[in-house]
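Read through the structure below, which is laid out as C-alpha cells, and then see the notes.
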Amino acid sequence: MTAATPPQPPDTDLVVLHGGDLPPGFERIDTDPRLASVRYATADTLGEALPGANALFVWDLFSAAVQAAWPKADSLRWVHAATAGVDNLMFDGLVSSDVVVTNSRGVFDQPMAEYVLGLVIGFAKDLPTTLDLQRRREWRHRETERVGGRHALVVGTGPIGRAIARQLRAVGMSVEGAGRTTRPVDPDFGTVVEATLDTDAPGLADALPRADYVVLAAPLTGATRNLADAAFLARMRDTARLINVGRGQLVDEAALVRALRSGDLAGAALDVAETEPLPDDSPLWNLPGVVISPHMSGDVVGWREELVDLFTANLDRFLGEGPLLNVVDKNRGYVSGP
C-alpha cells in the first residue's frame, strides 16, 4: 500500500499595510492554513515586513508607503488595493515589474452614483440655502430648478462614470461622456467625446458649454492631472456646477476659486481635494455655492466589509483557484474601463 503524499507546507507570505485600523473580520485570513504567514505593517514598518512576502494587501487606502519600501519587495507577486483608484501605486518600479496589481473596482460604483445624484438634486433644489435659513429661523420663499431636462457631462467612462450616467438618466437628465475613446453611440452616455481640450476630434471644447453639470469621475493619470484648469472652467456655462468625485488633483483649485469668485461658475461640489484634509485656510470652505465633503462619496454602511470580501475572493484565486479579478493595466495606470 502506497503511503499518501503528505500535504505541502504553505508558501505564501501575506503583508497587510494598514494605517492603524485593521480590516474587519480579518481573523479568517490570520487562520488560513494556506498562508505561511500574515504580517501587519504600517507605513513606518512596511520595509521591515516586505522581505519574503509574496502578496500585499494595501488597506491604508491612499498611502505612498509602498513606493518608499519598494526596494525591500524581493519576492512580491501580487498587490491588491482596497481602492478603485491606484494612482498611489503607479510608480516606475512597480509599473515596470512583473508584480500583478488588482483593485477594488465595483464596490464604490453605485454608492458614488447615488452621491452624485444627491448633489445634483441638492444644487437644483438649493438645499444648502434651505438649511442655512432654517438655522437662522428665517422663512423665505424661493423658486428652485428642475432636474429633469438638464444636461450632464461625465468625465471618466469607467464603471463609476457609467453608474453615474445611468443614475442621472433615470431622473430625466441627458448625459454624455468624455473618455479616452470617442463613441458616436453609447448605451449609458449617448455619445462619448475625447476628454481633452486639445483635439480636432469631438472633445471637451464642444461638450463643456452644453453641460449644466460637469462630473469628474476620471482616474488620476498624467493626462488627467489638472484637467479642470482655467481653460476648462472658462468653457463651462456661468450657470453650471462642477462636481468632483474622482481625485482632487483633477482640478486646479486656484483656477476654480477664481472662477467661483468672478461668477463665471455657479457652484462646485468637491468630495476630494488637492490636499486632504482640505487645509483650514482654503478659500473653498467659505465660497458661496460650494459643497465640501471629506472623500466619502463611495463610503456606505458595510463598505469596509465589502472590500475585505473582494480581497478574500481574490486571495482564493491567487492561491490557485482561478484568475485574479480587477487586474490593473499598469501601462494605463488604472482600470477605469474603455
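The values are calculated or read from the model by the stated rules, or taken from the named source; none is laboratory data. Values in this document were obtained by computation on a predicted structure and should not be read as measured data. Virtual Cβ from ideal backbone geometry, glycine too; neighbours counted across all protein chains shown.
Scanning the range 1-28 for residues that are at pLDDT 90 or above and among the β-branched types (Val, Ile, Thr) returns 12, 15, 16. Filtered by the rule that a residue be touching a residue at least 40 places away in the same chain (Cβ under 8 Å), out of contact with any Leu (no Cβ under 8 Å at 6 or more places or on another chain) and in a helix (DSSP H, G or I), the range 22-35 gives a lone residue, 28. Would you check if residue 123 is among the hydrophobic types (A, V, I, L, M, F, W, C), farther than 14 Å from residue 61 by Cα, exposed (fewer than 15 other Cβ atoms within 10 Å of the Cβ) and touching a residue at least 24 places away in the same chain (Cβ under 8 Å)? Criteria not met by residue 123. The residues listed here are 175, 154; of these, the one that is closer than 26 Å to residue 332 by Cα, surrounded by 18 or more Cβ atoms within 10 Å (Cβ to Cβ), in contact (Cβ under 8 Å) with a residue 60 or more places away in the chain and not assigned by TED's automatic domain parsing to the domain that holds residue 69 is 154. Would a scan of the range 97-115 turn up a residue that is of a type outside the set (D, E, K, R), modelled with pLDDT of 95 or more and exposed (fewer than 15 other Cβ atoms within 10 Å of the Cβ)? No. For the range 139-151, the candidate set comprises residues that are in contact (Cβ under 8 Å) with a residue 24 or more places away in the chain and in contact with a helix residue (DSSP H, G or I) (Cβ under 9 Å, 6 or more places away or on another chain); within that set, the residue that is nearest to residue 244 (Cα to Cα) is 151.
Candidates 252, 206, 229, 280: the one that is among the charged types (D, E, K, R), surrounded by 20 or more Cβ atoms within 10 Å (Cβ to Cβ), farther than 23 Å from residue 118 by Cβ and without any contact (Cβ under 8 Å) to a residue 60 or more places away in the chain is 252.
Here's the yes/no breakdown for (1) part of a strand (DSSP E or B); (2) out of contact with any Asp or Glu (no Cβ under 6 Å at 6 or more places or on another chain); (3) modelled with pLDDT under 95; (4) within 20 Å of residue 324 (Cβ to Cβ):
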{"site": "37", "(1), (2), (3), (4)": "yes, no, no, no"}
{"site": "43", "(1), (2), (3), (4)": "no, yes, no, no"}
{"site": "47", "(1), (2), (3), (4)": "no, yes, no, no"}
{"site": "52", "(1), (2), (3), (4)": "no, no, no, no"}
{"site": "57", "(1), (2), (3), (4)": "yes, yes, no, yes"}
{"site": "62", "(1), (2), (3), (4)": "no, yes, yes, no"}
{"site": "67", "(1), (2), (3), (4)": "no, yes, no, no"}
{"site": "71", "(1), (2), (3), (4)": "no, yes, no, no"}
{"site": "75", "(1), (2), (3), (4)": "no, yes, no, yes"}
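Against the list (1) without any contact (Cβ under 8 Å) to a residue 40 or more places away in the chain; (2) assigned by TED's automatic domain parsing to the domain that holds residue 310, the condition residue 132 fails is (2). Residue selection: residue 273 fails the criterion of being more than 30 Å from residue 102 (Cβ to Cβ) and surrounded by 15 or more Cβ atoms within 10 Å (Cβ to Cβ).
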